[in-house]
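Inspection log for the structure reproduced underneath, given as structure tokens.
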Amino acid sequence: MLELSILGFLAEEPLHGYELKERIKALSGHVRPVSDGALYPAIARLIKAGKLDEHTEPGASAAPRRILSLTERGRADLLDHLRHPKQVEITDQVRFNTVLSFLRHLPDRREQAEVLRRRLEFLTEPTSFFYEGGKPVRAEEAEDLFRQGMLRVARATGEAERAWLTEAIAQLDPPN
């Protein structure tokens, strides 16, 4: 997800490393914080792979700033990643939000709709945080007040997301 975030934010505009880190942090927040020990090696790999360019500009103080920008190879990689997200990027909420954050960069609305369809299909499968006898436990069946709360909130969130996905897919790829 870190690579997708780097490519996605740099598709919008060139940034220096600190700015990029702050944007990634704002997107993933406390759930999956990004460390310098992960970010800067990832940037170095992307530069070496020809997906990012780097140049130096004078800084506000004495230190020059390294500015990163996306190359055509980086843009192609970003679009390919958005067209074909891994299954975990569809099923994991934080990872899906990262995909969703940059999905507008895909120029084909049908391809955008296909990614949303994958998420909607995943969300229609019966699931729960808890199981009894191999069956998902519903909020009404949970005896524990706190588990009941988790399940009710998850159900409401899921209903809202499914409704939005259905609307968005209809806008992006209307039925003939």
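The values are calculated or read from the model by the stated rules, or taken from the named source; none is laboratory data. As the structure is a prediction and not an experimental result, all values here were calculated from the model. Glycine also receives a Cβ, built like all others from the backbone with ideal geometry; neighbour counts cover every protein chain displayed. Just so you know, the surface numbers come from the protein's heavy atoms only, side chains and all, with ligands and any DNA or RNA stripped out. Shrake-Rupley method; radii C 1.70, N 1.55, O 1.52, S 1.80 Å.
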**Message:** Just want the answer: with Cβ charges of +1 for Lys and Arg and -1 for Asp and Glu, which residue in Leu120, Tyr131, Ala154 is farthest toward the dipole's positive end in segment 115-155?
**Reply:** Leu120
**Message:** What do you get for the angle between helix 109-123 and the principal long axis of the chain? Use alpha-carbon atoms, 0 to 90 degrees, nearest ten.
**Reply:** 40 degrees
**Asked** Counting only protein heavy atoms, what percent of the accessible surface of segment 88-153 is carbon or sulfur at a 1.4 Å probe?
**Response** 51 percent
**Message:** Run the Debye formula on the Cα coordinates of segment 96-153, all scatterers equal and no solvent, and tell me log10 I(q)/I(0) at q = 0.24 1/Å.
**Reply:** -0.90
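If you take every residue apart from Ala156 with its C-beta less than 14 Å away from the C-beta of Ala156, what net charge results, scoring Lys and Arg +1 and Asp and Glu -1? If you can, show how the numbers build up before the last one.
Details: positive: Arg138, Arg152, Arg155, Arg162; negative: Glu140, Glu159, Glu161.
Taking every Cβ under 14 Å from that of Ala156, the sum is +1.
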**Message:** Please list, ordered by chain and number, the residues whose modelled amide H lies under 5 Å from the amide H of Arg65; skip anything fewer than 5 residues away on the same chain.
**Reply:** Glu57, Gly59
**Message:** Once ligands and nucleic acids are excluded and a 1.4 Å probe is used, how much of Glu13 is accessible, expressed in Å² to the nearest 10?
**Reply:** 80 Å²
**Asked** If we restrict to alpha carbons, what Rg and Dmax does segment 1-137 come to, in Å?
**Response** 17.7, 65
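How much area per residue is accessible in the chain when the probe is 1.4 Å and only protein heavy atoms are counted (Å²)? Working shown, then result.
On the way: 10880 Å² over 176 residues.
That works out to 62 Å² for each residue.
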**Request:** With all protein chains present, calculate the accessible area of Arg152 using a 1.4 Å probe and round the result to the nearest 10 Å².
**Result:** 140 Å²
**Prompt:** Where does helix 72-83 land angle-wise versus the long Cα axis of the chain, in degrees 0 to 90, nearest 10?
**Reply:** 0 degrees
**Complete:** The set of residues whose placed amide H lies less than 5 Å from the amide H of Leu70, leaving out same-chain residues fewer than 5 positions away, is Asp53
**Message:** Just want the answer: with Cβ charges of +1 for Lys and Arg and -1 for Asp and Glu, which residue in Asn97, Ala76, Ala44 is farthest toward the dipole's positive end in segment 1-106?
**Reply:** Asn97
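With +1 on each Lys and Arg Cβ and -1 on each Asp and Glu Cβ, and nothing else charged, work out how big the dipole of segment 1-133 is about its Cα centre, in Debye to the nearest 20.
Numbers: 20 positive and 20 negative charges, 16 e Å.
Dipole of segment 1-133, to the nearest 20 debye: 80 debye.
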**Message:** Using Cα-Cα distances under 8 Å and only pairs 6 or more residues apart, what relative contact order does the chain have, in percent?
**Reply:** 18 percent
**Request:** Using only Cα atoms, find the angle between the long axis of helix 93-102 and the longest principal axis of the chain, and express it within 0 to 90 degrees, rounded to the nearest 10.
**Result:** 50 degrees
